[in-house]
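Okay, so here's the structure we're looking at.
The values are calculated or read from the model by the stated rules, or taken from the named source; none is laboratory data. It should be emphasised that the depicted structure is a prediction, and the values quoted were computed from it without experimental measurement. Glycine gets a Cβ as well: all are built from the backbone with ideal geometry, and neighbour counts include every protein chain shown.
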Amino acid sequence: MPWTLAASPTWCTHPLGAGVLGRSGTPVASWLMNEADLLIVVGASFANHTGIAPYKAILQIDDNPAAIGRFDPVGAGIVGDAALTLDALLEELGATRTEDQRPQVAARWAIWRAEKARRTADERGRGVSAAAVFDALSRHLPHDAIVTVDVGNHAYSLGRYLESAGQPVLMSGYLGSIGFGYPAALGAWAAAPARPVVAVTGDGGFGQYATELTTAVKYGIPVKHVLLDNHSLGKISKEQLTADFPVWHTSLHNPDWAAYARLCGATGIKADRRDQLDQAMTELFAADGPAMLHVSQDPELQ
């Protein structure tokens, strides 16, 4: 598949929602997985970054046989339509005993939100933290928005910090298709022109398809773009360091992206400090036509 749709089941508003699972996810989701006796995986495929404990019992349901057990061994796999399969399982389940885990989940969210607040407030004069960006976006994001996200450190930060109220997120999965975010937003608008579309990218990905902004201007496509600029291919730098290599040729020479947006005929807004984010987000979502919020990001505060 060229892209995947993470159809967010209101993961932060449902009392049992725990957020994204995996390296780009929340401690709440990791805790809940570790507490589980059985993982029932419906219409989702794990990846190398998901971090499933090898001793966990897994029941995986998917309509694609190739997805079952692809990354993690499963105790049982069922090939079938998700709704029909779950209805059939419920019919055969019989009597069950449940435990109300809402208080425990709420307590874990309280711990994580306190940590997120600490990270949001962290400012060293070198740009804005990713936690602060997604804190502001969580509060300003329209309830019916479609979000597209590019490939890079910002995608990990989005999964970690954004509190979704059910807005779907379009991403390219683990294809490593850097540059996906903004063109995907144009496609999302073409598919659902009545809905707000928000693109979240890094400077590296957007730099590869920057002239697509002129397409948005030409056709009046009102994509709202949040660009996190750390002047580097940050994810590649991280991978080099993880592999015990020195960081090699990952720095970028960027224009003033907000000024670039204005030159293209779009709205260009800039935020260099955390205290500018709320006003900047307000302007972004109030703008007519395509608009970009260029955030100078502290590369160390992911």
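Points worth noting:
- Total residues in the stretch 59-78, condition assigned to a loop (DSSP other than H, G, I, E, B) and under 25 Å from the mean Cα position of the chain (by Cα): 7
- N34 assigned by TED's automatic domain parsing to the domain that holds L89, farther than 25 Å from E99 by Cβ and in contact (Cβ under 8 Å) with a residue 12 or more places away in the chain: no
- Candidates G127, G75: the one that is over 17 Å from L162 (Cα atoms), touching a strand residue (DSSP E or B) at 6+ places or on another chain (Cβ under 7 Å), in the same structural domain as D229 (by TED's automatic domain parsing) and not aromatic (F, W, Y) is G127.
- Out of Y260, Y209, one residue alone is surrounded by fewer than 22 Cβ atoms within 10 Å (Cβ to Cβ), among the hydroxyl-bearing types (S, T, Y) and at pLDDT 95 or above. It is Y260.
- Verdict on R119 being in the same structural domain as Q208 (by TED's automatic domain parsing), surrounded by 15 or more Cβ atoms within 10 Å (Cβ to Cβ) and among the charged types (D, E, K, R): yes
- The helices (runs of 4 or more DSSP H) found entirely in the stretch 142-251 that carry 1 or more residues being out of contact with any Gly (no Cβ under 7 Å at 6 or more places or on another chain) and free of Cβ contacts under 8 Å to residues at least 12 places away in the same chain are 181-191, 212-219, 234-242.
- Note on the stretch 252-264: residues that are among the hydrophobic types (A, V, I, L, M, F, W, C) and in a loop (DSSP other than H, G, I, E, B) amount to 1.
- Scan of the stretch 267-302 for residues that are without any contact (Cβ under 8 Å) to a residue 60 or more places away in the chain, under 21 Å from W189 (Cβ atoms) and touching a strand residue (DSSP E or B) at 6+ places or on another chain (Cβ under 6 Å), ordered by number: T267, G268, I269, E283
- Here F245 does not fit the description of being within 22 Å of A271 (Cβ to Cβ), in the same structural domain as D288 (by TED's automatic domain parsing) and of a type in the set (F, W, Y).
Residues checked against (1) surrounded by 14 or more Cβ atoms within 10 Å (Cβ to Cβ); (2) modelled with pLDDT under 90:
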residue	(1), (2)
T50	yes, yes
Q60	yes, no
P65	no, no
P73	no, yes
L84	no, no
G94	no, yes
E99	no, yes
I111	no, no
E115	no, no
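- Number of the exception - G127 against (1) free of Cβ contacts under 8 Å to residues at least 60 places away in the same chain; (2) within 18 Å of D229 (Cβ to Cβ): (1)
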